[in-house]
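The structure under discussion appears below in the form of structure tokens.
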Amino acid sequence: MLTAFHKKKAPVVVCPGCHKPMRPGKPEPILFAKGLADITYVCERCGTRTKRTVKEINEK
């Protein structure tokens, strides 16, 4: 589950099927790629999943 900070900073991804905003999942760090993480987005309406690679968020 994302923290409130991550939800605020996560990019908004729109479902390609039903054109509704998708819910972001927990950021998963990428091995051997310093500062990058994968976020899996899920459409709550149709169940479509997509993965985006983003810079990790520093909570300082």
*Note down the net charge around GLY47, summing +1 for each Lys or Arg and -1 for each Asp or Glu among other residues with Cβ under 12 Å from its Cβ.*
+3
*Near the amide H of ARG23, under 5 Å away, which other amide H atoms are found, from residues 5 or more places off or on another chain, if H is placed in the peptide plane?*
VAL42, CYS43, GLU44
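Give me the net charge of LEU36's neighbourhood, meaning all other residues with Cβ under 11 Å from the Cβ of LEU36; Lys, Arg count +1, Asp, Glu -1. Can you show the working numbers first?
Numbers: positive: LYS34, ARG52, LYS55; negative: GLU28, ASP38, GLU56.
Net of charged neighbours comes to 0.
Listed highest first by mean packing, meaning other Cβ atoms within 10 Å per residue, what order do 32-40, 17-25 come in?
Working: 32-40: 12.8, 17-25: 14.8.
Sorting 32-40, 17-25 by mean packing, highest first, produces 17-25, 32-40.
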*asked:* Straight-line reach only, C-alpha to C-alpha below 17 angstrom: list the aspartates and glutamates that LYS55 could link to, leaving out same-chain residues fewer than 8 apart.
replied: GLU28, ASP38
*Taking 0.36 nm per intervening residue step and subtracting the Cα-Cα distance, what contour gain separates LEU31 from ARG45 on full extension?*
1.9 nm
*Once you treat every alpha carbon in region 4-55 as an equal point and sum by Debye, what is log10 I(q)/I(0) at q = 0.17, 0.23, 0.28 Å⁻¹?*
-0.51, -0.83, -1.06
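The numbers here are math on the coordinates, done by the rules we state, and not lab data. Every value quoted in this text rests on a predicted model; they were computed, and no experiment measured them. FYI the Cβ positions are ideal-geometry reconstructions off the backbone, even for glycines, and counts take in every protein chain you see.
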